[in-house]
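Here's the structure, in structure tokens; my notes come after.
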Amino acid sequence: MPIKYKRVLLKLSGEALAGEKKFGIDYNVISSICESIKKCVDLGAQIGIVVGGGNFFRGRSSSQMEDRTRADHMGMLATVMNALALADALETHGVEVRVQTAITMQQIAEPYIRNKAIRHMEKGRVVVFGCGTGNPFFSTDTASSLRAAEIDADIMLKATMVDGVYDCDPNKNANAVKYERVTFQEVLEKGLAVMDSTAAAMCRENGIPVLVFSLADPDNILAAIQGENIGTIVKED
Ligand code: UDP
């Protein structure tokens, strides 16, 4: 099956990389994610990945830290560990990869340069974006919407632990109903737990559709890029 989306921004939450352990990195999980990504690259997809850091540290939920900005700096550093682990696993699977960070750490990764990122993707390299936006008080969801706009992605793929967007939390309510499609307006008005409102507003303003789907089956990344009917699509009518 051919691909439907040529250039995509894939958001992988830190939680998704931790697997059952809920903390740190599960290398088996990363490996199966990379297998799916490899298939997409082989079909000609250009992929940029924003990684979260919640499997190590989240600034906003750290009650021990006094200074939110400093806590967010730690959160952004956490995303770099995930980015490096992902890069390592991608290379192991024969995928060419570059890590670019929004906060420069040139001994470890390239600095984020938009045109260079696009050039890498055109050459078939996956680009992993670390450090989110590089600014505190933002999330990696917002970083995903920003990078998606910058690289002119056809779609943002938000791989999560849930298989789509529901009208209420499906883990708490057995009657929760899954949307097949929903607008950003509804997401914002109803406060649906898809992504934070800054990210939703950013995608809406820039006309970037978001597909929310489960990573329980890592081959869903391939299915998503091929345009299969999985998860929930968020876009304006
Ligand atoms: N973060 C930040 N600015 C950004 C992106 C992330 O300060 O642009 C920090 C913030 O502390 C956040 C942490 O990095 O809690 C990890 O990111 P996130 O919570 O989005 O990760 P995820 O929940 O997707 O694993």
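Just so you know, all these numbers are worked out from the coordinates, no wet-lab data involved. Note that the coordinates shown come from a computational prediction; the quantities given were computed from them, not determined experimentally. Counting neighbours? That spans all protein chains shown, and the Cβs are built from the backbone with ideal geometry, glycine included.
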request  = Take CYS168, CYS40 and order them by how many other Cβ atoms sit within 10 Å, fewest up front.
outcome  = CYS168, CYS40
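Quote to one decimal, in nm, the extra length available between THR183 and ASN115 on full extension: 0.36 nm per residue of separation minus the C-alpha distance between them.
Details: separation 68, 0.36 × 68 = 24.48 nm, distance 3.05 nm.
Extra length from THR183 to ASN115 when fully extended: 21.4 nm.
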ask   = Which loop-located trypsin sites (Lys or Arg not before Pro) does region 106-202 contain, where loop means any DSSP state but H, G, I, E or B and the Cβ has at most 14 other Cβ atoms within 10 Å?
value = LYS123, LYS172
Paramagnetic reach from ASP167 (point 7 Å along Cα→Cβ, amide N under 15 Å) across region 181-221 = 181-183, 186-187, 190-193
inquiry  = Just to be sure I understand the model, the point goes 7 Å from the Cα along the line to the Cβ. What's the resulting ARG70 to ASP237 distance in nm?
reply    = 5.1 nm
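Let me have the relative contact order for the chain, percent, based on Cα pairs under 8 Å that are six or more residues apart. List each step's numbers first, then the result.
Details: 511 pairs, mean separation 54.9, N = 237.
Dividing the mean separation by the residue count of the chain yields 23 percent.
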query = When the chain is fully extended, how far beyond the present Cα-Cα distance does ASN175 get from THR92, taking 0.36 nm per residue of separation?
reply = 25.6 nm
task = Rounded to the nearest 0.05, what FRET efficiency do SER63 and ASP196 give with R0 = 22 Å and r taken as the Cβ-Cβ distance? Could you check?
result = 0.70
ask   = Among ILE113, ILE47, ILE225, which comes first, second and so on when ranked by fewest other beta-carbon atoms within 10 Å?
value = ILE113, ILE47, ILE225
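Suppose the chain between LYS6 and ALA216 were pulled fully straight at 0.36 nm per residue; how much longer would it get relative to their current alpha carbon spacing? Walk me through the numbers before you get to the answer.
Values: separation 210, 0.36 × 210 = 75.60 nm, distance 2.34 nm.
This chain segment gains 73.3 nm when fully extended.
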query = For the chain, what is the convex hull volume of the alpha-carbon atoms per residue, in Å³?
reply = 123 Å³
